Every structure is written in structure tokens, then in C-alpha cells.
Amino acid sequence: MPLVHIELLEGRTPEQLKGLVQDVTAAIAKNANVPEERIHIVLSEMKPDHYAVGGTLKSEG
């Protein structure tokens, strides 16, 4: 049972998230030879002020 955890900044539409999980599921099923119904995906959305790169919060630009 593959378990994929995807962390991303909040702000995507439900349609975008749906497309993401569909594409990731299809890629894993194809490349790992696993039935789609056995693939689990967890999406964790972060607020831009809870994530930083190079010492700068994403909410700051």
C-alpha cells in the first residue's frame, strides 16, 4: 500500500487538488504496478506564514 504525503502552500482550488491526486495516483499505479484503489495520498496545506525558504517566510514574498 503506497502512502504519499504531499505538503504544499494553501491556495489551490478543489479542482486543482483533485487533478493533483488523480495524476499522482495514475503515475504510481503505472510505475509501481499497484492498483489505484491501494494508493493513499495525504495532502497537507500550510499557511504561507508557516513556511520559509532561506530565512524568509513565503508570506513575505
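The values are calculated or read from the model by the stated rules, or taken from the named source; none is laboratory data. From a predicted model like this one, the values you see are computed outputs, not experimental measurements. Heads up, the Cβs are rebuilt from the backbone with ideal geometry, glycines too, and the neighbour counts pull from every protein chain shown. Protein only, heavy atoms only, side chains kept; ligands, DNA and RNA dropped before computing areas. Shrake-Rupley method; radii C 1.70, N 1.55, O 1.52, S 1.80 Å.
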Within segment 2-15, can one find any residue that is among the hydroxyl-bearing types (Ser, Thr, Tyr) and surrounded by 11 or more Cβ atoms within 10 Å (Cβ to Cβ)?
-> no
Determine the pairs where a residue that is exposed (fewer than 13 other Cβ atoms within 10 Å of the Cβ), located within segment 32-43, has a partner that is at pLDDT 95 or above and assigned to a helix (DSSP H, G or I) with Cβ atoms under 7 Å apart, the partner being 6 or more residues away or on another chain.
-> Pro35/Ala29; Glu36/Thr25; Glu36/Ala29
Positions within segment 46-61 being open to solvent by 80 Å² or more (accessible area, probe 1.4 Å) and polar (S, T, N, Q), in sequence order | none
Every pair of residues 6+ apart whose Cβ atoms lie under 7 Å, when the first sits in segment 44-61 and is closer than 24 Å to Leu3 by Cα and outside any loop (DSSP other than H, G, I, E, B) while the second is of a type in the set (Asp, Glu) and open to solvent by 80 Å² or more (accessible area, probe 1.4 Å) | Ser44/Glu7; Glu45/Glu10; Met46/Glu7; Met46/Glu10
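Just to be sure before I move on: is Thr25 among the polar types (S, T, N, Q), open to solvent by 50 Å² or more (accessible area, probe 1.4 Å) and out of contact with any Gly (no Cβ under 9 Å at 6 or more places or on another chain) in the structure I sent?
Working: among the polar types (S, T, N, Q): yes; open to solvent by 50 Å² or more (accessible area, probe 1.4 Å): no; out of contact with any Gly (no Cβ under 9 Å at 6 or more places or on another chain): yes.
It is false that Thr25 is among the polar types (S, T, N, Q), open to solvent by 50 Å² or more (accessible area, probe 1.4 Å) and out of contact with any Gly (no Cβ under 9 Å at 6 or more places or on another chain).
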Taking the condition of a type in the set (Val, Ile, Thr), in contact with a Pro (Cβ under 7 Å, 6 or more places away or on another chain) and in contact (Cβ under 8 Å) with a residue 24 or more places away in the chain, does Ile6 pass?
-> no
